[in-house]
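See structure below.
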Amino acid sequence: MQFSTKTFDPSLKTACLILSVAGAKQFCSLGSAIDKALGGVLSQALSGGDLSPKLGATWMVTNASKNLPRILLVGTGKEKTLSAQDFGVICKAAASALQASAAKEVVSALGSAARDSGAEALRIEVQAVNEAHYRFEQFKTKDKRPAAALQKWQLHAPTSAASKLALEQASAISAGIALAKDLGNSPGNVCTPSFLATTAQKMGKSLKMEVQVLEEKQMRKLGMGSFLAVAQGSAQAPKMIVMHYRGASAKQAPIALIGKGITFDTGGISIKPAPEMDEMKFDMCGAASVLGTMQAVAQMRLPINVIGVVPTCENMPSSTAVKPGDIVTSMSGQTIEILNTDAEGRLILCDAMTYTATFKPAVMIDIATLTGACVIALGHHHSGLFSKQETLTEQLLAAGRASGDTCWHMPMDDAYQESLKSNFADMGNVGGRAGGSITAACFLSRFTSNIAWAHLDIAGTAWKSGAAKGASGRPVGLLTRYLMNLSSK
Ligand code: BES
Ligand code: MN
Ligand code: ZN
């Protein structure tokens, strides 16, 4: 899809004009002007009650005039102006409604319905349209959805340097989200640790980022006994991917993003039940979000330094697999009794965090589909945010609100640390069912090397189950917004 800005008025022509409607029939200023110019055709069309007063409801008015063969009306519910999230919903609804339309180009005046209009609204609209048009059909040989006729999406807004930049940034973020989705949706037999490593290396070449991939031998030398214990049951070689984006002076400490890259989580010897186990191909969505964010940041050329680190392997049962009760030594020197081999995410992340600390980052953020308990706590709307750093917490919460890719601050008091006690090692890798997402975060907190740290548990937000099964691309939106905010200071 091509995106551009264009200032529309009632004298102009377009294959499809998109207008927002609040309540029963409150138009935006362009909508009112059009309605007036067409002698009240739109108000009349609404008087039949065909447009439900719900957020994201749509109604197509056809042949209102020669210049306007299609006018798509999109309901904003009761409110006239919408939060970032709700604004994204109406944009997506509009784009979906046009999926089967023959219109090749549209002019959208939805922007005026966004509470924070301007550049942010442009970005959200572009991302929402891209989202609605996303497909993952590379493994289908038939029943593919027909490609939409729509080629050109013009946003009713003044054309300026700022709006041009916003559109470019939105395209970069959309591409990052699409990459994260593609990687997440790819099956475990395709998206292996080596596949992720190759993807990172290719990205490094095309976007001029330094990319290193540590192999098992080097990791053994570094003492990553915890990560390698998870990998040892699989025939797939583990990889530690390290990407350096350098957009600012080398003196500026980087922001480090660390993504859990379990390309398939069977649970290992503590094997998972069969139902929905296929969804454990999504257990690398943290890694995918790091790759997607790195790509977006590099494409936007943000003036900031960012390191992306991805520990990646499979968690499999086999005669070489790690067993419940095994004790391993992490790179930090701390020993861990692996009481449950299904709590493997923290075991690969802890060594990745110790390794990342050697780059002396200003901030370390790990992103992981870490616990089913987080899904129970927060459901599928907010990612779990765990951090004791007030500034970092505020920045991430704000980035979530602004991008519509939200997170919720969870508690992480020291009292929860007690449940990680082990009779035989420095700690166990599980803390029981109660507060499971919190004790997992507590485990990771022991490997932060005193660096400002936040943990995002995306188990409930990284993908959708059921009929709409598929990766969401979250939290690329949140992370890119956070990094953009940092780099504009
Ligand atoms: N990848 C899973 C977490 C998960 C499960 C995410 C279901 C989304 C849906 C993780 O490795 C895991 O298995 N965690 C265990 C931890 C437990 C053994 C302490 C869990 O949540 O059950
Ligand atoms: Mn697991
Ligand atoms: Zn897992």
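The values are calculated or read from the model by the stated rules, or taken from the named source; none is laboratory data. Please read all numbers here as calculations on a predicted model, not as lab measurements. In this analysis, Cβ positions are derived from the backbone assuming ideal geometry, glycine residues included, and neighbour counts consider all displayed protein chains. For the accessible areas, the whole protein counts, side chains as well, though only heavy atoms, and no ligand, DNA or RNA atoms are used. Shrake-Rupley method; radii C 1.70, N 1.55, O 1.52, S 1.80 Å.
A few points about this structure:
- Measuring r between the beta carbons of Lys13 and Lys323 and using R0 = 56 Å, the FRET efficiency lands at 0.20.
- Rounded to the nearest 20 debye, dipole of the range 29-187 from Cβ charges on Lys, Arg, Asp, Glu: 360
- Calculated from the alpha-carbon coordinates, the range 36-97 shows an Rg and a Dmax of 12.4, 35 Å respectively.
- Distance from the C-alpha centroid of the range 192-242 to that of the range 449-486: 21 Å, rounded to the whole angstrom.
- Whole-Å distance, taken between Cα centres, linking the range 336-399 and the range 85-105: 35
- Per residue, in Å², the accessible surface of the range 374-458 once ligands and nucleic acids are set aside, probe 1.4 Å: 46
- Against the chain, whose longest principal axis comes from its Cα atoms, helix 390-403 is set at around 40 degrees.
- Between Trp463 and Ser472, the built amide H atoms are under 5 Å apart, and every one of these is 5 or more places off in sequence or on another chain.
- Taking chymotrypsin sites (Phe, Trp or Tyr not before Pro) across the range 363-463, the ones in a DSSP loop with at most 11 further Cβ atoms lying within 10 angstrom of their Cβ are Phe424.
- Cα-based shape type of the range 296-412, given that a ≥ b ≥ c are square roots of the gyration tensor eigenvalues and the cut on a/c is 1.5: prolate
- If you sort Val211, Val297 by accessible surface, 1.4 Å probe, largest first, the order is Val211, Val297.
- Ranked packing of 250-263, 131-144, most packed first, by mean Cβ within 10 Å: 250-263, 131-144
- Residues in the range 409-424 carry Karplus couplings, in order, of 6, 9, x, 7, 5, 4, 4, 6, 4, 4, 5, 8, 4, 10, 6, 10 Hz; the curve used is 6.51 cos²θ - 1.76 cosθ + 1.60 with θ = phi - 60°, and Gly or Pro positions show x.
- Long-range HN-HN contacts of Ile304 with modeled amide H, under 5 Å: Gly247, Ala248
- Per residue, the convex hull spanned by the Cα atoms of the chain amounts to 148 cubic angstrom.
- Sparse-neighbourhood loop sites, GluC sites (Glu not before Pro) in the range 50-130 - DSSP loop, at most 16 other Cβ within 10 angstrom: Glu79
- Amide hydrogen proximity for Arg70: with H placed 1.01 Å from N in the peptide plane, the residues at 5 or more positions away or on another chain lying under 5 Å are Leu17, Asn63.
- The heavy atoms of Asp50 present about 80 square angstrom of accessible area, all protein chains included, probe 1.4 Å.
- In the assembled protein chains, Asp413 presents an accessible area of approximately 80 Å² (probe radius 1.4 Å).
- Within the chain, helix-based [θ] at 222 nm, where runs of 4 or more DSSP H residues each add -39,500 (n - 2.57), nearest 500: -11000 deg cm²/dmol
- Table column - 3J(HN,Hα) (Hz), the range 75-92, Karplus curve with 6.51, -1.76, 1.60, x for Gly and Pro: x, 9, x, 6, 6, 8, 10, 10, 5, 3, 5, 5, 4, x, 4, 6, 5, 5
- Compactness relative to 2.2 N^0.38 Å, alpha carbon Rg of the range 1-142: 1.03
- Rounded to whole numbers, the Karplus 3J(HN,Hα) couplings from phi for the range 372-381 are x, 4, 5, 5, 5, 5, 10, x, 10, 8 Hz, using 6.51 cos²θ - 1.76 cosθ + 1.60 with θ = phi - 60°, and x at Gly and Pro.
- Taking the DSSP bridge list for the chain and keeping only pairs wholly inside it, about 40 percent are antiparallel.
- Contact order, relative form, for the chain: 14 percent (alpha carbon pairs under 8 Å, 6 or more residues apart, mean separation divided by residue count).
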